[in-house]
1. I need every pair where a residue in the range 155-179 that is within 18 Å of residue 103 (Cβ to Cβ) has its Cβ under 9 Å from the Cβ of a residue that is in a strand (DSSP E or B) and modelled with pLDDT under 85, sequence separation at least 6 or different chains.
2. Given the conditions (1) within 14 Å of residue 40 (Cβ to Cβ); (2) modelled with pLDDT under 80; (3) not acidic (Asp, Glu), which single one is not true for residue 149?
3. Residues of the range 69-118 being at pLDDT below 95, small (Gly, Ala, Ser) and either in a strand (DSSP E or B) or surrounded by 14 or more Cβ atoms within 10 Å (Cβ to Cβ) (or both), which ones?
Amino acid sequence: MALAEQSSLESVDEAIGGSTFAEDENLEQYLTFIMNDEEYGVDILSVQEIRGWEPVTPVPNSPAHVKGVVNLRGIIVPIVDLRAKFNLENVEYGPLTVVIVLRVQFDGNDRVMGVVVDAVSDVYGLSLEDMQTAPDLGDHVDTNYIRGLAAVDEKMIVVLDIDALLESDMRNPADLNVVH
């Protein structure tokens, strides 16, 4: 693991492990990550761990954005490439490429899934008042997985509803040959 990646992961792990924000009931913490020079955020409570990229076992006949599965301490975890899911240009995975392992909910059940992103960025505390609703882009663009948009330090963060985003990938685990 590269030194820069190790340092970045350690600072994010510290933020996840111990709250770096004052106990403010109106603030929710979001882990942000970079894809295609844009910043996205997910609720930090859904983040289980952050790992460097490692090869996966491909699953035949799976969608192009499902890269495969890994065995994570006895749990088979599907790995989804968010670049591919968002129809962004493919890039070669590098030393900063990470997998964010998330606990997602579907139909009242928890599932563990990993998402491949370009790099982890930071942890921010945001209030619901800081977030604006996703713009209505018409019937041709699905924005149901966008929880909101927040301006932080002169940049826009797209806050994702990770459960809604990965719902189609959780719908039928048998399609991925995933055994729990």
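The values are calculated or read from the model by the stated rules, or taken from the named source; none is laboratory data. Predicted, not measured: the structure shown is a model, and the values here were computed from it. FYI the Cβ positions are ideal-geometry reconstructions off the backbone, even for glycines, and counts take in every protein chain you see.
1. Listed pairs, sorted by first residue: 159/131; 163/106; 166/106; 167/106; 170/106; 171/106.
2. Condition not satisfied by residue 149: (2).
3. 84
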